[in-house]
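Working notes, structure below.
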Amino acid sequence: MIAMLTASSSELHGWTSLLIKNVWLEKSLTDKQITQYRHLSVWLLAFILFVIVAIVFPSSFSLLFFFGNLYASLIPAVMYILITEHRTGPAPAIIVAIGSVIGIVSHLSLHSFFSIWASFLSACLLFIAFYLFNLQKYKKPME
């Protein structure tokens, strides 16, 4: 239970950091506004995860793979943001959500371990496509 709580709190922190620093593009946010956005995003994400878990109703072992899917789709987003070092808008959050959904769907239909790879690889492929699209759009590498 402690491992699941730690994993879920780390996941929520990762998602909120991704949302606040890259989706809300306002640079002039005060600390109070950042805290408000962080609380709003934590409650929203916690509610979404609660609904997903309530519908799927996984076992304890399966729940670890569920959060593994979320982590696996978040890894390419963190790598992308660190490599490009610029604000990208809502695209990373959307790509992470798509990767997570692909992982969860493959978790329901295929083996649990494969679902983590599916989540990670789909998010990687989507980030590569997003990078190439932006490369074509601006005709220069993003810096």
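The values are calculated or read from the model by the stated rules, or taken from the named source; none is laboratory data. All of these numbers come straight from a predicted model, not from anything done at the bench. So basically every Cβ, Gly included, is an ideal-geometry build from the backbone, and we count neighbours across all protein chains shown. SASA here: full protein model, heavy atoms, side chains in, ligands and nucleic acids out. Shrake-Rupley method; radii C 1.70, N 1.55, O 1.52, S 1.80 Å.
Details
This table checks each residue for (1) under 17 Å from residue 94 (Cα atoms); (2) out of contact with any His (no Cβ under 9 Å at 6 or more places or on another chain); (3) at pLDDT below 70.
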{"position": "7", "(1), (2), (3)": "no, yes, yes"}
{"position": "23", "(1), (2), (3)": "yes, yes, yes"}
{"position": "39", "(1), (2), (3)": "no, yes, no"}
{"position": "50", "(1), (2), (3)": "no, yes, no"}
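- Applying the set (1) closer than 18 Å to residue 9 by Cα; (2) outside any helix (DSSP H, G or I) to residue 50 leaves exactly one unmet item: (2).
- On inspection, residue 41 does not qualify as touching a residue at least 24 places away in the same chain (Cβ under 8 Å) and within 14 Å of residue 112 (Cβ to Cβ).
- Qualifying residue in the range 103-119 (condition: outside any helix (DSSP H, G or I), open to solvent by 90 Å² or more (accessible area, probe 1.4 Å) and on the phi > 0 side of the Ramachandran plot): no
- Residue 71 being in contact with an Asp or Glu (Cβ under 7 Å, 6 or more places away or on another chain), modelled with pLDDT of 70 or more and surrounded by 13 or more Cβ atoms within 10 Å (Cβ to Cβ): yes
- Taken together, 89, 99 contain a single residue that is more than 21 Å from residue 6 (Cβ to Cβ), loosely packed, with under 13 Cβ neighbours inside 10 Å and in contact with a helix residue (DSSP H, G or I) (Cβ under 8 Å, 6 or more places away or on another chain), which is 89.
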